[in-house]
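Worksheet for the structure shown next.
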Amino acid sequence: MQTIQQILTAQVRDAFAAAFPEADLSSLPLDVLPAANEAFGDYQCNAAMAAARALRKPPRAIAEAVASRLAAGGADDWLAKVEVAGPGFLNLTLSDAALARHLAGVQADPHAGLPQPGAGKRIVVDYSSPNVAKPMHIAHIRSTVIGDALKRIHRALGWDALGDNHLGDWGTQFGILIMGYRHFLDEKALAAAPVDELQRIYVLSHQKASDDPAWKDACRAELVKLQAGDPENRALWKKFIDLSLAEFDRVYKRLDVEFELVRGESYYNDALPGVVEKLQSLGLVRESEGALVAFLDDEKLPPCIVRKSDGGFNYATTDLATVFSRESEFHPDLVLYVTDERQQLHFRQFFALARKAGASVALRHVWFGLMRLPEGLLSTRNGTAIKLDLLLDESVRRARELVDASSPDMPEADRAAVAEAIGIGAVKYADLSQNPQSAVNFTWEKALSMDGNSAPYLQYACARIASVLDKYRERFPGADPLAAPLLPGETPQGRRLALRIARIPDAVLDAAAQMKPSLLADALYELAQSYSSFYQNVPFLKADPGVREARVRLCAIAARALRTGLHILGIRTPERI
Ligand code: ARG
């Protein structure tokens, strides 16, 4: 079904076309947005200002001409009121009847009011993608959480969404690692904490390689053997991958993250020479000091090496092979790459080269900024790698304190499960609720806040709203409030709540269009806040019959919107807290 913003935008568009039949409106932004100030209306449209130049008329006159053609005030009209304000704002107020009609439609809709613009389309989301034999870096964790939310957001909008974990499982580090394994391995440590031990022997071997040329040569020789398919080195390499994946999988499981595909860089090895040949035959690369280089001056980008002078291939070459493989196997309409901001140049170069080489799928790099974690707890030797498990354990421990305080009567097993849901949710949501492109400071106070924009706040709100229906059913067995007439305009708090519910599908669309899960998080937080004010100021069970049912039904619709939205972000919603 359509969202309120889509419906109103279509009406404004029609009114513009009727008022200015000879004008070309196709390039004008005629979108209707939620009102910046609720005192003036529910929605607003600033198009008159944007159109003034093209229409050669003062914006206020344009707004008035459009307003007079917007249907308002009739029994079947969406709008109760249209006002022109200031230099030419259109302020739109929905009719209560339309709001009730729309929410009933949302309630009946199997997609909870979410339009399905992705139906028949496919998206590949390339996310997480850690490197084998290294602990997951904070950047990979952000990629995991944000990438998974983007996958779920698209899926909710009807896309067929494939998540692909493009593991860093190939490259020069394996020669170094094999030498480290042969000479420095501590078997016990490997059994206890495999990735830590792999990292440790890698660092030792890497250091030795920079001090000792013979060691460096030996590392290179091991790499060449691996590349040539030497069975022993292959087996070691496979072991490194299996050990790393087992550890990564434990993290994914805790985070409720699943991948449709796990294809590391090595999956594309055999395709690399063909990619380079293709670039050569298209005249896209030239030899330069023994290396093969793509010059991207026409795109104002620095050159990009696709084959090194020693014959080895590069990160960009693998990404080219990957995109061709994804195109021919999955025919996606869009591929997203979710990484930290430091890879922007790589993706600009690779996208430019991919287009020149004939890739036609839309490619987008979704990058995110730094996240600073609490001091002390998490920094390891080099200060950047972190142990996600520790962060999650600490969050669950703190969440458990909240649960113990709020629900001392809950059985032990339930309390543990709820604390896990809140603790993990808090860490994920602390990431998702921020604009991905800004630097994030993770603090426990914010992540576990009971009255701010946090997972626990939303999870508690969700459980509390759901309990209203249970209480109603206990008091009035046999009655069905879910079919009672909705009366959204009956209290200001209820009306605001109704508007916040109707806003969720638009927020999901915005989050997909701008690749910002935080836009959905913001809308969910506003929904939960407006619910709190409804709950605190308006009686449910003690209200008069009819009004009582209308209020309980509004709660049920709010609960579903909140639950659906949190699931789209990958946040669990325990039924009782
Ligand atoms: N493994 C890479 C890293 O850790 C990220 C890979 C991102 N995906 C891609 N197709 N390049 O930096």
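The values are calculated or read from the model by the stated rules, or taken from the named source; none is laboratory data. Here the structure is a predicted model, which means the values were calculated and not measured. All Cβ positions, even for glycine, are placed from backbone atoms using ideal geometry, and neighbour counts span all protein chains on display.
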Among residues of region 328-361, those that are within 13 Å of the ligand (Cβ to nearest atom) and either among the polar types (S, T, N, Q) or part of a strand (DSSP E or B) (or both), counted: 9
Might you let me know whether region 166-174 holds any residue that is surrounded by 23 or more Cβ atoms within 10 Å (Cβ to Cβ), in contact with a Phe, Trp or Tyr (Cβ under 7 Å, 6 or more places away or on another chain) and more than 21 Å from LYS387 (Cα to Cα)? yes
Of all the residues that make up region 103-131, how many are away from the ligand (no atom under 16 Å from the Cβ) and either more than 27 Å from the chain's Cα centre (by Cα) or outside any helix (DSSP H, G or I) (or both)? 15
Answer yes if at least one residue in region 255-264 is touching a helix residue (DSSP H, G or I) at 6+ places or on another chain (Cβ under 6 Å), surrounded by 15 or more Cβ atoms within 10 Å (Cβ to Cβ) and part of a helix (DSSP H, G or I), and no otherwise. no
Going through THR380, THR322, THR384 one at a time, which residue ends up being buried (at least 18 other Cβ atoms within 10 Å of the Cβ) and either modelled with pLDDT under 95 or among the hydroxyl-bearing types (Ser, Thr, Tyr) (or both)? THR322
So which residues in region 447-461 are farther than 16 Å from PRO517 by Cα and surrounded by 20 or more Cβ atoms within 10 Å (Cβ to Cβ), if there are any at all? ALA447, LEU448, PRO456, TYR457, GLN459, TYR460, ALA461
I need the full set of residues from region 132-149 which are assigned to a helix (DSSP H, G or I) and more than 9 Å from the ligand (Cβ to nearest atom), in order please. ILE138, ILE141, ARG142, THR144, VAL145, ILE146, GLY147, ASP148, ALA149
Do you know which residues across region 1-39 are free of Cβ contacts under 8 Å to residues at least 24 places away in the same chain and among the hydrophobic types (A, V, I, L, M, F, W, C)? ALA10, ALA17, LEU30, ALA36, ALA39
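Only one residue in PRO477, PRO505, PRO485 is buried (at least 21 other Cβ atoms within 10 Å of the Cβ) and either over 30 Å from LEU157 (Cβ atoms) or within 32 Å of the chain's Cα centre (by Cα) (or both), so which one is that?
One residue alone meets the criteria, PRO505.
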Answer from ASP298, ASP319 - the residue that is more than 14 Å from the ligand (Cβ to nearest atom) and not hydroxyl-bearing (Ser, Thr, Tyr): ASP298
Test result for LEU55, surrounded by 16 or more Cβ atoms within 10 Å (Cβ to Cβ) and at pLDDT 95 or above: no
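From TYR268, TYR315, grab the single residue that is aromatic (Phe, Trp, Tyr), under 28 Å from the mean Cα position of the chain (by Cα) and over 20 Å from ARG364 (Cα atoms).
After applying the criteria, what remains is TYR268.
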